[in-house]
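Engineer: Dropping the structure in here first, questions after.
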Amino acid sequence: MSSRQVPRHTRAGIFIHWFNAACWFFLLVTGVALISNPELNPLGAWYPKAVRAIFFGGENLLVAHWLVAFIWLAVWLVYLFWGMNRLVAPFINSIFTIEPNRDIQWMIKKNLQMTVGYKMMARLVKPLGYDGTMPDQGYYNVGQKLAAQGLIIGGLALVGTGFIMFTSKYFLTAADVWLVQWSITVHFIAAGVTTALLILHIYMAAISSEERPAFISMFTGTVPAEYAKHHHRLWYDELEDSKPSEVG
Ligand code: HEM
């Protein structure tokens, strides 16, 4: 494989990504410990007890959870304001652009290829009128796009419902109890869905060897040109057409 590298992530993009990962991990660890009912807590009674002890009590744990959530939100607001045109708008545009014919075919083939291998995938997709080649993908493949869409929608639901729960401590009246109860339910569901997506995301990004160059790029900012060509052909062609500045 040639060692020529092409740029993939900006420094700001890498920063916000690992900042997200750190905040998400902290919020998940503390959030699950806030569920004191052992019948509802997926880890039972020992886990909230242990984490509450580390934070010297449930009240401190809740404050730490809120604090990190507010820091996360504040950094995101700055990032949105500062990077809207250069980083955020192109990202949103990219992940919400789907081409059904090409992308449904890619999803079917990719799932089969990962479970039964290339040869068997080629055989199984024949009756659908497909051949064994993977349709070309852009900067993100459609699996990454769907995961990112879910994470954004789930993240917005977590922020909105978290905010209602936080204000309920100080401002909401008894008449708003239903709103708080729904917020708790939606917050749990959104946390569950985003966690499931992130387990998939982390597996694909950090454990699957096929995606190892993408994992390294989340530190270095660049990927081998060969990797870009094979995994993100449409993006690679755009890069070649625009004769980008290359590294390496
Ligand atoms: C240990 C945890 C994580 C690992 C190892 C990881 C790894 C990666 C890698 C390697 C990429 C680049 C994929 C590519 O270039 O095609 C990526 C992109 C992305 N990750 Fe993660 N990630 C982690 C946690 C998270 C978390 C917690 C979030 C969200 C809360 C997240 C959201 C995203 C998004 C939205 C992208 C696409 C944006 C971009 O390419 O800059 N990741 N991740």
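Engineer: Name the single residue, out of those in segment 5-34 being small (Gly, Ala, Ser) and farther than 20 Å from residue 193 by Cβ, that is most open to solvent (accessible area, probe 1.4 Å).
Structural biologist: 22
Engineer: Could you say whether any residue in segment 191-200 is in contact (Cβ under 8 Å) with a residue 24 or more places away in the chain and in contact with a Pro (Cβ under 7 Å, 6 or more places away or on another chain)?
Structural biologist: Within segment 191-200, not a single residue is in contact (Cβ under 8 Å) with a residue 24 or more places away in the chain and in contact with a Pro (Cβ under 7 Å, 6 or more places away or on another chain).
Engineer: A further question on this structure: Return yes when residue 56 is at positive phi, open to solvent by 40 Å² or more (accessible area, probe 1.4 Å) and either modelled with pLDDT under 95 or away from the ligand (no atom under 13 Å from the Cβ) (or both) and no when it is not.
Structural biologist: yes
Engineer: Using the structure shown, decide if residue 37 is surrounded by fewer than 12 Cβ atoms within 10 Å (Cβ to Cβ) and in a helix (DSSP H, G or I).
Structural biologist: In short, no.
Engineer: Answer yes or no as to whether residue 170 is surrounded by fewer than 16 Cβ atoms within 10 Å (Cβ to Cβ), outside any helix (DSSP H, G or I) and not β-branched (Val, Ile, Thr).
Structural biologist: For residue 170, the condition - surrounded by fewer than 16 Cβ atoms within 10 Å (Cβ to Cβ), outside any helix (DSSP H, G or I) and not β-branched (Val, Ile, Thr) - is met.
Engineer: Select from segment 64-79 the residues that are over 18 Å from residue 25 (Cβ atoms) and open to solvent by 60 Å² or more (accessible area, probe 1.4 Å) and list them in ascending order.
Structural biologist: 77, 78
Engineer: Something else now. Considering only segment 230-246, state which residues are open to solvent by 70 Å² or more (accessible area, probe 1.4 Å) and within 13 Å of residue 138 (Cβ to Cβ).
Structural biologist: Residues satisfying the conditions are 233, 238.
Engineer: Just one of (1) in contact with a helix residue (DSSP H, G or I) (Cβ under 8 Å, 6 or more places away or on another chain); (2) modelled with pLDDT under 95 trips up residue 159, so point out which.
Structural biologist: Every listed condition holds for residue 159 apart from (2).
Engineer: I want to confirm something. Restricting to segment 198-248 and keeping residues that are within 13 Å of the ligand (Cβ to nearest atom) and in a loop (DSSP other than H, G, I, E, B), which single residue is farthest from residue 117 (Cα to Cα)?
Structural biologist: 221
The values are calculated or read from the model by the stated rules, or taken from the named source; none is laboratory data. Here the structure is a predicted model, which is why all the values come from computation and not from measurement. Neighbour counts are summed over all protein chains in view; Cβ atoms, including those assigned to glycine, are modelled from backbone coordinates with ideal geometry. What goes into the accessible areas is simple: the full protein's heavy atoms, side chains included, and nothing from ligands, DNA or RNA. Shrake-Rupley method; radii C 1.70, N 1.55, O 1.52, S 1.80 Å.
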